[in-house]
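So the structure is just underneath, and the comments pick up after that.
The values are calculated or read from the model by the stated rules, or taken from the named source; none is laboratory data. Worth saying up front: this structure is predicted, and the values here are computed from it rather than measured. Positions of Cβ are generated from backbone atoms using ideal geometry, with glycine treated the same way; all protein chains shown enter the neighbour counts. Heads up: the accessible areas ignore ligands, DNA and RNA and are worked out on the full protein's heavy atoms, side chains in. Shrake-Rupley method; radii C 1.70, N 1.55, O 1.52, S 1.80 Å.
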Amino acid sequence: MKVNKLNVLSNVKVSDRYWHMKLDASSITELIKPGQFFNIKCGENDLPFLRRPFSIYRINKEEKTIEFLYLVKGQGTIELTDVVADETVDIFGPLGVGFELNPEWDTILLLARGVGIATLAALAQEAAEKNIKCVAILSARSNNDLLAAETLQGFGAQVYKVTEEDGTSDAEDVQQLVEQLLTENDIKAAFTCGSKRLSKLLQKVTKTNQIPSQIALEEHMGCAMGVCYACVCDIQEESGINSVRVCKEGPVFDLEKVVLS
Ligand SMILES: Cc1cc2nc3c(=O)[nH]c(=O)nc-3n(C[C@H](O)[C@H](O)[C@H](O)COP(=O)(O)OP(=O)(O)OC[C@H]3O[C@@H](n4cnc5c(N)ncnc54)[C@H](O)[C@@H]3O)c2cc1C
């Protein structure tokens, strides 16, 4: 893991609120796993002072590029939209623990909301490479925010979209859909990111159905290197509750162990 100045190949607005950035990653020699993230310096000067964490969205091994999909929220992401092709961005990573994808799992379920869809897209890409079938429920405010759906479909995922706009994203409706997909498919493992409400739902359903599940947590981070302890979360171990750092021990954890408040 180290700081890299990577050449920007493109950085473009792809919907009302989302931007997509593609970087030349030929100088990164480490293996990058879905679920891992990079801490990106968003501004030219020291503002914002802290880097911002972004999950890897696509990894293109042959062309040696990586991609990020980001939602414009505050100062950091606004600054990031100013970056143009042929400039460089200062990125630190890959960081954290990624998803574990057991090749014996022939079908997996993904449940993602908002920017969590970007995180799970990289997993869908790895699943496609391993011939693992992906069934994905993608939740967002509006259809306009579901642009990564096409990326997942491109990886062969069977995609179900639920949105506030269509009145289909209530927890009860999503739970019904999850249960329906579990009866229609022989789901061996489930993965989630982007919503505590949906994660709680998946935690309950996967526990009942005894399906292993993983979550990528998105906590506010300070250093992202395990030093500042700004991003701790609680994990239920047999011995009791353990406070762990999302940036270092995570961001991916066994869903059944995470204490979701
Ligand atoms: C491991 C990890 C992976 C991530 N991957 C992606 C990604 O792929 N794409 C993407 O768009 N975003 C991702 N995020 C979230 C992204 O880091 C934040 O949206 C970004 O830091 C906001 O920075 P900002 O300066 O634009 O906004 P800020 O001014 O820092 O914040 C704007 C608003 O967003 C809230 N906020 C900031 N960070 C978070 C957070 N981590 N969780 C919840 N609320 C937050 C703040 O409280 C504030 O209300 C990820 C976060 C983590 C921890």
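One table, with the values for the structure above:
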quantity	calculated
Which numbered condition Q203 fails, given (1) surrounded by 14 or more Cβ atoms within 10 Å (Cβ to Cβ); (2) within 16 Å of the ligand (Cβ to nearest atom)	(2)
Candidate set: segment 46-56, residues that are at pLDDT below 95, of a type outside the set (K, R) and within 12 Å of the ligand (Cβ to nearest atom); chosen: the one surrounded by the fewest Cβ atoms within 10 Å (Cβ to Cβ)	F49
Residue match in segment 216-228 (condition: modelled with pLDDT under 95, more than 12 Å from L109 (Cβ to Cβ), surrounded by fewer than 14 Cβ atoms within 10 Å (Cβ to Cβ) and within 16 Å of the chain's Cα centre (by Cα))	yes
Check on A118, of a type in the set (G, A, S) and at pLDDT 95 or above	no
Any hit, segment 37-44, residues being within 13 Å of the ligand (Cβ to nearest atom), among the basic types (K, R), in contact with a strand residue (DSSP E or B) (Cβ under 8 Å, 6 or more places away or on another chain) and assigned to a strand (DSSP E or B)	no
Test: residue in segment 2-18 that is under 22 Å from D86 (Cα atoms), open to solvent by 50 Å² or more (accessible area, probe 1.4 Å), in contact (Cβ under 8 Å) with a residue 24 or more places away in the chain and within 9 Å of the ligand (Cβ to nearest atom)	no
Where a residue in segment 243-260 is under 13 Å from C231 (Cα atoms) and its partner, wherever it lies, is small (G, A, S) and away from the ligand (no atom under 12 Å from the Cβ), with Cβ under 9 Å and at least six apart	R245/G226; C247/G226; K248/G226; E249/G226
